[in-house]
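These notes concern the structure reproduced below.
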Amino acid sequence: MLFNRHKLEIPNADQALAGRAEQWFNLADKHVVLGTPVVTDESNIPDGYEVAVFGLGCFWGAEEIYWRMPGVWSTSVGYAGGTTPHPSYEEVCSGRTGHTEAVRVVFDPSVVSYADLVKAFFEFHDPTQGMRQGNDVGTQYRSGIYTLSAAQEETARALKAAYEPELVRRGYGAITTEVKAAPTYYYAEDHHQQYLAKNPHGYRCHSATGVPFPATA
């Protein structure tokens, strides 16, 4: 993934790129792995299913983590947490949109809980690195949990508090993950969707931290 080692500050509204009024590209109708819709909303999400949004570094690998989980119905990648409307990937990489690379997960809570998704979030990236993830440096790689309900926020904050002492004990440092109400989510361009299914030997940056769910939490 492209990155700029100097783009470590989130721009304010005056500094951010202007963006555009609407999405300018087309997306495939079907998820290449799951066969479900890529673009999802209340019109096509099954009754009782829920949505979660996470930022955990390069969104190629983040999406793969989640589409492999039982109970996940659909995933997509996009941009969240910034100012620029309908940004391009290149604009996000410039550090001048404020967005982080994000994965949007539609899941069946009778099969996989929101807590399970958050546990995967904390266990498959390093949530202590600030504006980076490994060798990927910049605001677009920051760690974030973007909640869509009070219950999601409560769960996210409780699990963040549970994981942090163990991460600190193992030398990772304090968690830098931002937890906040889900901002507008903009879909990424079609070639980024399910990228690692289309490019099996593509770049992966995610690996387990070795810090499982704390038994005392």
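Within segment 90-125, being closer than 18 Å to E189 by Cα, touching a strand residue (DSSP E or B) at 6+ places or on another chain (Cβ under 8 Å) and not β-branched (V, I, T) holds for H99, E101, A102, R104. Give me the residue from segment 153-179 that is within 22 Å of A80 (Cα to Cα) and of a type in the set (S, T, Y) and, out of that set, least open to solvent (accessible area, probe 1.4 Å). Going through the qualifying residues, I end up with T177.
Among the residues of segment 60-78, the one identified as touching a Ser or Thr at 6+ places or on another chain (Cβ under 7 Å) and either open to solvent by 30 Å² or more (accessible area, probe 1.4 Å) or farther than 19 Å from V118 by Cβ (or both) is W73. Of the numbered conditions (1) farther than 22 Å from V39 by Cβ; (2) modelled with pLDDT of 95 or more, A102 satisfies every one except a single condition; which is it? Evaluating A102 over (1) farther than 22 Å from V39 by Cβ; (2) modelled with pLDDT of 95 or more leaves (1) as the failure.
The values are calculated or read from the model by the stated rules, or taken from the named source; none is laboratory data. Just so you know, these numbers come straight off a predicted model, no measurement behind them. Positions of Cβ are backbone-derived with ideal geometry, glycine not excepted, and every protein chain shown enters the neighbour counts. We work out accessible area using only protein heavy atoms, side chains counted, and drop any ligands, DNA or RNA first. Shrake-Rupley method; radii C 1.70, N 1.55, O 1.52, S 1.80 Å.
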